[in-house]
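One structure is given below, encoded as structure tokens.
The values are calculated or read from the model by the stated rules, or taken from the named source; none is laboratory data. Quick caveat, the model's predicted, so the values are computed rather than measured. Glycine gets a Cβ as well: all are built from the backbone with ideal geometry, and neighbour counts include every protein chain shown. To get the accessible areas, we keep the full protein, side chains included, count just its heavy atoms, and leave off ligands, DNA and RNA. Shrake-Rupley method; radii C 1.70, N 1.55, O 1.52, S 1.80 Å.
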Amino acid sequence: MSQAAHISRVEAFHVDWGRRRSAWCRIWTEDGCQGLGEASPMAGGDAALEILAGALAPGLLGADPLDHAVLQMRLYHRHIKTGPDGALAAALAAVDIALWDLKGKLLGQPVYRLLGGAWRTEIPFYASIGGNAGRSPDEVCRRVEDWLPYRPSLIKIRLDADRTTRDADIPGDIARIRAVRRLLGEGFPLAFDANNNYSVQGAVRVGRVLEELGCAWFEEPVQHYDISSFERVARALDIAVAAGEQEYTLQGVRRLIDAGVAIVQPDIIKTGGFTGICDMAALARACGVDIVPHQTQPAVGQAAHLHFLAALPHAHHPAEYDDPSGVMDAVFAHPLRPAAGRFSLSDRPGLGMEVIEEELQPRMVPWRPGGRA
Ligand code: CA
């Protein structure tokens, strides 16, 4: 390992994939070692990249990358008045993931080993199928059938309805989930994600059907910011209520647990990276609650998510996976692709994927403070 591994450069940039964009950062040491991180692309990731390039990068230059937890706490409090949730947390997550990737490369170890070792390096996934609010039961079933050849361990049906509506089509939602249960048969693990679209009464009505159908969990039945409604739904139902993809802080996750949420779902690219999500995992374990992280960004976010799950004791549910297109594989020498329902992690250092520079460069859109370069 180099004796002088100081941070010499922080790159914040979009990656343009054509049909979508990612918000990534790359952190370099002066001897040319690099780590890659990703921020949740909320609103295109612009706000997170601006915070990264304008506010966080100056505080990272010259620092020791192995001080990642100290750096995160310092930068979090330095900028906390911009709001501890949302873009600041996502930008800090990108930095933390990049610093763990870098640490793995400096030490020649995969991230999961630096987290304490792998309970598993073969990680089953579940198919997270979105956009179902406007589909007929038959159309929903066709989407499920498209996923079955990938051999998911569980199917999750997401509504993704207009967030300003509520209880818009409860009979239709019940018909959709019943049709999927008929298609999959009685024992197949199934979960349902309301994407915050129900009232308390609507959620209880749907939740009772999900219980009858033996569903594994009921995700975000009510608005994520409405903690008292979560509490009323969780109290009325036996099914595990899940939430947390829109929480950014340890304290936010604690509020959900206090409200009776039985599965918390923080996302590593929103919640302070490995450093943030490991705190949340410890909190969940102390409270007897499962952690099933949210994850919808292929490539860097996916790799970080899988390394975290490899090192997580008591991982009772498969990993979320929503895009088998492989659109981002081209920029890595060792992209993570599932086979026969599982991802396999190697023991390559860091996140285990090597950037192919000539593939990344043409897709990079650098961000400078104040806007796109
Ligand atoms: Ca969700």
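Inspection of the stretch 246-254 identifies at least one residue that is away from the ligand (no atom under 14 Å from the Cβ), of a type in the set (Phe, Trp, Tyr), modelled with pLDDT of 95 or more and under 19 Å from Met42 (Cβ atoms). Of the set (1) open to solvent by less than 40 Å² (accessible area, probe 1.4 Å); (2) closer than 30 Å to Asp322 by Cα, all apply to Leu114 but (1).
Residue-by-condition table, conditions (1) in contact with an Asp or Glu (Cβ under 8 Å, 6 or more places away or on another chain); (2) of a type in the set (S, T, N, Q); (3) open to solvent by less than 50 Å² (accessible area, probe 1.4 Å); (4) free of Cβ contacts under 8 Å to residues at least 40 places away in the same chain:
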position: Gly134; (1), (2), (3), (4): no, no, no, yes
position: Asp138; (1), (2), (3), (4): no, no, no, no
position: Arg151; (1), (2), (3), (4): no, no, no, no
position: Ile157; (1), (2), (3), (4): yes, no, yes, yes
position: Arg166; (1), (2), (3), (4): no, no, no, yes
position: Asp169; (1), (2), (3), (4): no, no, no, yes
position: Arg181; (1), (2), (3), (4): no, no, yes, yes
position: Glu186; (1), (2), (3), (4): no, no, no, yes
position: Gly202; (1), (2), (3), (4): yes, no, yes, yes
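Just one of the numbered conditions (1) modelled with pLDDT under 95; (2) open to solvent by less than 10 Å² (accessible area, probe 1.4 Å) is not true of Leu52: (1). Of all the numbered requirements in (1) over 17 Å from Gly104 (Cβ atoms); (2) surrounded by 24 or more Cβ atoms within 10 Å (Cβ to Cβ); (3) in contact with a helix residue (DSSP H, G or I) (Cβ under 6 Å, 6 or more places away or on another chain), His307 misses one, and that requirement is (1). Among the residues making up the stretch 314-328, those that are open to solvent by less than 40 Å² (accessible area, probe 1.4 Å) and at pLDDT below 95 are Ala315, Asp323, Pro324, Gly326, Met328.
The set of residues from the stretch 307-322 being of a type outside the set (Ser, Thr, Tyr) and within 15 Å of Ile155 (Cβ to Cβ) comprises His317, Pro318, Ala319, Glu320, Asp322. Checked against the criterion of being away from the ligand (no atom under 15 Å from the Cβ), of a type outside the set (Phe, Trp, Tyr) and surrounded by fewer than 24 Cβ atoms within 10 Å (Cβ to Cβ), the candidates Gly272, Gly260 yield just one match: Gly260. Scanning the stretch 340-370 for residues that are part of a strand (DSSP E or B), modelled with pLDDT of 95 or more and more than 25 Å from Lys103 (Cβ to Cβ) yields Arg342, Val365. Of all residues in the stretch 337-354, those being within 18 Å of Gln34 (Cβ to Cβ) and open to solvent by less than 40 Å² (accessible area, probe 1.4 Å) number 4. With a requirement of 3 or more residues that are farther than 24 Å from Ala304 by Cβ, the helices (runs of 4 or more DSSP H) lying completely within the stretch 106-188 that satisfy it span 137-147, 170-184.
Based on what the data block shows, is Gly301 under 21 Å from Ala91 (Cα atoms) and either of a type in the set (Ser, Thr, Tyr) or surrounded by fewer than 12 Cβ atoms within 10 Å (Cβ to Cβ) (or both)? Considered against the rule, which asks whether it is under 21 Å from Ala91 (Cα atoms) and either of a type in the set (Ser, Thr, Tyr) or surrounded by fewer than 12 Cβ atoms within 10 Å (Cβ to Cβ) (or both), Gly301 comes out as no. The residues listed here are Ala243, Ala175, Ala234; of these, the one that is closer than 22 Å to His317 by Cβ, away from the ligand (no atom under 15 Å from the Cβ) and among the small types (Gly, Ala, Ser) is Ala234.
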